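The values are calculated or read from the model by the stated rules, or taken from the named source; none is laboratory data. Small disclaimer: the values here were computed from a predicted structure and weren't measured. With ideal geometry, Cβ positions are generated from the backbone for all residues, glycine too; neighbour counts draw on all protein chains shown. To get the accessible areas, we keep the full protein, side chains included, count just its heavy atoms, and leave off ligands, DNA and RNA. Shrake-Rupley method; radii C 1.70, N 1.55, O 1.52, S 1.80 Å.
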Amino acid sequence: MFAAIANSWNDRLLRLAFLCITLMGIAVAAINPFQSVIGIERLGFSPSAYALITTLGALFSVAASVYVGVYTDQTGKYRSVLAGCNLIGTLGAACVFFLPSKATFILAHMVLFPVGATTFTQYFAMASLAANNNAKLDKDLSLSLVRAAFAGAFGLTPPLLAVAVAGGMELMSVYGVAAGVNAFVLFLVLRTWPKEQTSLNQKSGIGFVESLKELARGSVLIRLVLIAVIVGVNGLNNILLGLLILNNLGGTASDLGLFAGGVALMEVPVMIGAAVALKRVSSSGLIFVGCIVYCCFLAAFSSLPNMGSAWGMIVPAGIGAGILLSVTVGYIQDLVASRPGAGSSLVSVSHFGGAMFASGMFAFGAVFTDYQGTAVIGSVIGLAAGITLFVMDGARFRRSHPVVS
């Protein structure tokens, strides 16, 4: 495994994807754990309004990601598209930081961040391109390393920001951190990615309509829906985590940052281990295991009496999230294995579906139940999705790829 990791680092494109997504992890982690708290507690959005903002933002993000994925496959213009999306993400964070208001929050989270977020799937497309052009690379390990880099950055950032917030840093400054990091990613892409056409700028030769038809096959869509619900449980936790810690467990913003960071750090070795396990275990089987662990975590976490009893939940949360967030990426890309851009855009489609599920569950909970009830219902639905996917793919734990016809 160490030789495979060394080969991954020596590949120029995979190394760039690794560095960029690490920095993106810092930028996202600066905002994500505090986003619902800022939107609801600081800026005064209602839970329903906040859910609407995140839902519409996710809808725009998936449309942008599908377009970007198909466009880059057609044209091979990965560098210019990636740079443009990074610039837009930088502007999104900067506008909220310099002009904090409901209007800039809506602009950033409904328009600018969704476009900037397409870079996330582009980094996985870069990893797939690298694996396709380098026989020494193991694709599952390459994707897991990139995903683990994101998780590692996500793990280290919230605790540091939690310390800063506890020391008096204004909570809205997290957007300033994200803006600065995104600007550096933009510099790195412009500086490192070669301008000339190379084998990395391969084109699919498939028309836009044909590409969309390929992505819209029934066997692909039903699996995407199930994956969306599965990863949506993680999205639901991201919305509920801060609210549960602050309102139900008696915790603080610092506790929120430390907990989120601890979970993300736990995800890193799990993601690497999951890549190794995939040599013997089926993707859907491993996703099923991750579902059991993570859904049980969320349901249990919502019923804890205080923050002191919550810290031990970092372990199951990290194990479950580490499996789900890494293995689902390769599973989805294998549905359209021949085209890395479009295949990676499906990752964004699944994230959109997950965001829809999370926002819908949160809005439902705001009307019919409380935060704890929302967590339990979401967990049950997510577990049912994991069981269904596992059965659809033959209920096999031994290594096999899903057959899409």
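Computed values, structure above
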read-out: Failed item in (1) touching a helix residue (DSSP H, G or I) at 6+ places or on another chain (Cβ under 9 Å); (2) more than 20 Å from SER142 (Cα to Cα); (3) open to solvent by 10 Å² or more (accessible area, probe 1.4 Å); (4) not acidic (Asp, Glu), with ILE319 passing the rest; value: (2)
read-out: Those residues of region 154-202 which are modelled with pLDDT under 90, part of a helix (DSSP H, G or I) and closer than 30 Å to ASN132 by Cα, in sequence order; value: PHE154, GLY155, LEU188, VAL189, LEU190, ARG191, THR192, SER199, LEU200, ASN201
read-out: Lone qualifier among VAL37, VAL66, VAL28 - being within 23 Å of the chain's Cα centre (by Cα), within 15 Å of ALA125 (Cα to Cα) and open to solvent by 10 Å² or more (accessible area, probe 1.4 Å); value: VAL66
read-out: Qualifying positions in region 160-176 - open to solvent by 50 Å² or more (accessible area, probe 1.4 Å) and not small (Gly, Ala, Ser); value: LEU160, VAL163, MET169, GLU170
read-out: Members of region 352-372 found to be open to solvent by 10 Å² or more (accessible area, probe 1.4 Å), in contact with a Gly (Cβ under 8 Å, 6 or more places away or on another chain) and modelled with pLDDT under 85, listed by number; value: GLY353, ALA355, MET356
read-out: Given (1) within 21 Å of ALA131 (Cα to Cα); (2) open to solvent by less than 60 Å² (accessible area, probe 1.4 Å), number of the condition PRO47 does not satisfy; value: (1)
read-out: Hits in region 217-258 (condition: farther than 20 Å from PRO159 by Cβ, of a type outside the set (A, V, I, L, M) and open to solvent by 10 Å² or more (accessible area, probe 1.4 Å)); value: ARG217, GLY218, SER219, ARG223, GLY235, ASN247, ASN248
read-out: Search result, residues across region 73-83 that are in a helix (DSSP H, G or I) and either open to solvent by less than 30 Å² (accessible area, probe 1.4 Å) or touching a residue at least 40 places away in the same chain (Cβ under 8 Å) (or both); value: ASP73, GLN74, THR75, TYR78, ARG79, VAL81, LEU82, ALA83
read-out: Tabulated pairs, region 54-72, first within 11 Å of HIS351 (Cα to Cα), second β-branched (Val, Ile, Thr) and modelled with pLDDT of 80 or more, C-beta under 8 angstrom, 6+ apart or interchain; value: SER61/VAL115; SER61/THR118; SER65/THR118
read-out: Number of the condition not met by LEU143 [criteria: (1) over 20 Å from the mean Cα position of the chain (by Cα); (2) of a type in the set (A, V, I, L, M, F, W, C); (3) modelled with pLDDT under 80]; value: (1)
read-out: Residue tally, condition within 18 Å of ALA264 (Cβ to Cβ) and touching a residue at least 12 places away in the same chain (Cβ under 8 Å), over region 292-317; value: 12
read-out: Which numbered condition CYS296 fails, given (1) within 21 Å of GLY382 (Cβ to Cβ); (2) under 18 Å from the mean Cα position of the chain (by Cα); value: (2)
